[in-house]
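Undergrad: Next up is a structure, given as structure tokens.
The values are calculated or read from the model by the stated rules, or taken from the named source; none is laboratory data. Bear in mind the structure is a predicted one, so any value in this text is a computation, not a measurement. Quick reminder, even Gly has a Cβ in these numbers, built from the backbone with ideal geometry, and neighbours come from all protein chains shown. Note: accessible area is taken over every heavy atom of the protein model, side chains too, but ligands, DNA and RNA are not part of it. Shrake-Rupley method; radii C 1.70, N 1.55, O 1.52, S 1.80 Å.
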Amino acid sequence: MPSVSQILSDTVERALGAPALLRAADPKFGDYQANGIMTVAKARNENPRALAEKIIQQLDVTGICEPPTIAGPGFINFKLKPVFVAAQITGASRDERHGVPVVAKPKTIVIDFSSPNVAKPMHVGHIRSTILGDTLARIGKFLGHRVITDNHIGDWGTQFGMLIIGWKQYRNDAALAADPIGELERLYKFINDKPELRDAAKAELVKLQQGDAENLAIWQKIIELSKQEFEKIYRRLGVSFDHTFGESFYNPMLPAVVADLRHCGLATESDGAFCIFFPGQDSPLIVQKADGAFLYGTTDLATLKYRITEWQPDEIVYVTDARQQLHFKQVFAAAAKWFPAVPDLRHVFSGSILGEDGKPLKTRSGQNVKLGELLDEAEERALAVVAEKNPELPEDVRRQIARAVGIGAVKYADLSQNRTTDYIFSWDKMLAMNGNTAPYLQYAYVRVQSIFRKAGDTTGAAPVTLEHPTELDLAKHILRFSDTLEAVLADDKPNWLTGYLYELAGKFSVFYANCPVIQSVEPTRSSRLVLCRLTADIMKRGLNLLGIDVIEQM
Ligand code: ARG
């Protein structure tokens, strides 16, 4: 079913003969505001207020809202009629998508996210790219887009020279079996600290690049072991990918990429290397070093070419930390010159996670915090909260709840931040039962569910009527769910969805405090139960789109 903002924007568009955008209005004056009139007025050399007047005359919205009013230099405000809101809510309650329409024009969106480097443990910083990308993918799919997810792991590079020497001469098989990535990391550091082995490492790398069978086999084994470890984390986080091609997949394409870049004059020689220069910028994008080696940027250009040819995407979204901004600026600028047409390329970057001291989060001994250990701690801490709240529950149920709460808390704490800024990691804040946290929302869901248990019946398909102002307020908020999801996807900002859900829980509490549900008489009772059901469904769906599980008891 079409959303309210869609119905209104279509109506205005028809009268205006041009696109009209609907957004939330200042609640003092209405529920929605149309803009776009000023642009049209300017183009037609008309007075915007006069044009707005003319549009209003032509609008037939009697079934939807009170007579529209003009605000400012030419906005139109709409205040929905409660009967219309009630009808929409009734429709949404009978729709398995809760009234969220599928987009009219589905796009193909490639999301490149998580992308850790092999032979290194995933650390706390990887959580941002991993869950941000996952959320955007979930929301994109739910809205009906064709989403292709690709984990662009770093599985090629000079580090393999050192890893191979380490593997051949210093490997500890018991350690490798117990903690594969830990052992690989140890080997890498061990060799890296031995300058006398540098030449030997370089020789192993050259052998690998030339296709030496033994070195290729070791390289593959290292990737396999790393992927298995990554997979453990992804399983715990509920994250999956359509593809994990990795950088190495593009190796065979790199010579042709550089040849083509040179051929069309984009890459030029500089001290034996080939570079793409950008006017007004000091640092070029190096695509081939003087020794013939290709670089990270070369791979990204090859990757882009592959994705464009293979999938014809409308958008490609790269999710990484903020330190890669220059890299992507350069890659995008190069792509704009290299391809006749490029998709919408976006670098979705995030700030750092800081410790309580305001510096990048580290362990007490100054190491990077490993993601696996962080998730363990989250579950342990959540278990303590659950045990305190619900000591009667059997151990396995408590653990299951703790998993949803602990992992959910970590994810939510991250997704509820403005992604571009750094934030301070705080267990106490993210696990708090009050405030804008996952446990608060999970508990809010449990409370709504308990209403149905008490009511002793499953809600039928009763029509909804909206009597009390708090009930109307909740209903109007519910009708904004689809606008929220679209806004999150348009601006890559999941914190708008967390904010929406937090507000939903707040509005539900106010409604529940003011409107008896089970104790009220029919038909109010059934109508309110339907409203409760829809609220719970949207809470569940919203959390699911953030990759967070709901629980039935807490
Ligand atoms: N492996 C890279 C890193 O850990 C991130 C890759 C991001 N994606 C890309 N297409 N460059 O920094």
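Undergrad: Restricting to segment 306-341, name every residue that is touching a residue at least 24 places away in the same chain (Cβ under 8 Å), under 28 Å from M122 (Cβ atoms), more than 12 Å from the ligand (Cβ to nearest atom) and more than 20 Å from the chain's Cα centre (by Cα).
TA: Selection gives W311, L326.
Undergrad: Considering only residues that are among the hydroxyl-bearing types (S, T, Y) and more than 21 Å from G542 (Cα to Cα), look in segment 78-130 and name the one that is nearest to the ligand (Cβ to nearest atom).
TA: Per the stated criteria, the residue is S115.
Undergrad: For segment 113-128, which positions are closer than 19 Å to P313 by Cβ and either surrounded by fewer than 24 Cβ atoms within 10 Å (Cβ to Cβ) or free of Cβ contacts under 8 Å to residues at least 40 places away in the same chain (or both)?
TA: Once the filter is applied, which keeps residues that are closer than 19 Å to P313 by Cβ and either surrounded by fewer than 24 Cβ atoms within 10 Å (Cβ to Cβ) or free of Cβ contacts under 8 Å to residues at least 40 places away in the same chain (or both), segment 113-128 yields only S115.
Undergrad: Can you tell me how many residues within segment 130-146 are in contact (Cβ under 8 Å) with a residue 60 or more places away in the chain and surrounded by 24 or more Cβ atoms within 10 Å (Cβ to Cβ)?
TA: 8
Undergrad: Here's something else I'd like to know. Just one of L354, L383 is open to solvent by 10 Å² or more (accessible area, probe 1.4 Å), touching a strand residue (DSSP E or B) at 6+ places or on another chain (Cβ under 9 Å) and over 30 Å from A267 (Cα atoms); which is it?
TA: Just a single option satisfies the conditions, and that option is L354.
Undergrad: Pick from segment 277-297 the residues that are within 16 Å of the ligand (Cβ to nearest atom) and not small (G, A, S): which of them is farthest from Q324 (Cα to Cα)?
TA: Checking each candidate, the answer is F294.
Undergrad: Further, regarding this structure: Every residue in segment 449-490 that is among the β-branched types (V, I, T), over 30 Å from G133 (Cα atoms) and open to solvent by less than 60 Å² (accessible area, probe 1.4 Å), please.
TA: I451, T459, V464, T470, listed by residue number.
Undergrad: Would you check which residues across segment 11-50 are open to solvent by 90 Å² or more (accessible area, probe 1.4 Å) and either at pLDDT below 90 or in contact with a strand residue (DSSP E or B) (Cβ under 7 Å, 6 or more places away or on another chain) (or both) and list them?
TA: P19, L21, R23, P27, K28, F29, R49
This table checks each residue for (1) in a helix (DSSP H, G or I); (2) of a type outside the set (V, I, T); (3) without any contact (Cβ under 8 Å) to a residue 12 or more places away in the chain; (4) loosely packed, with under 13 Cβ neighbours inside 10 Å.
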position: K189; (1), (2), (3), (4): yes, yes, yes, yes
position: L197; (1), (2), (3), (4): yes, yes, no, no
position: K202; (1), (2), (3), (4): yes, yes, no, no
position: Q228; (1), (2), (3), (4): yes, yes, no, yes
position: R236; (1), (2), (3), (4): yes, yes, no, no
position: V239; (1), (2), (3), (4): no, no, no, no
position: A256; (1), (2), (3), (4): yes, yes, yes, yes
position: R262; (1), (2), (3), (4): yes, yes, no, no
position: T268; (1), (2), (3), (4): no, no, yes, no
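Undergrad: Restricting the search to segment 158-175, which residues are under 18 Å from P121 (Cβ atoms) and open to solvent by 20 Å² or more (accessible area, probe 1.4 Å)?
TA: The answer is Q159, M162, W167, R171, N172, A175.
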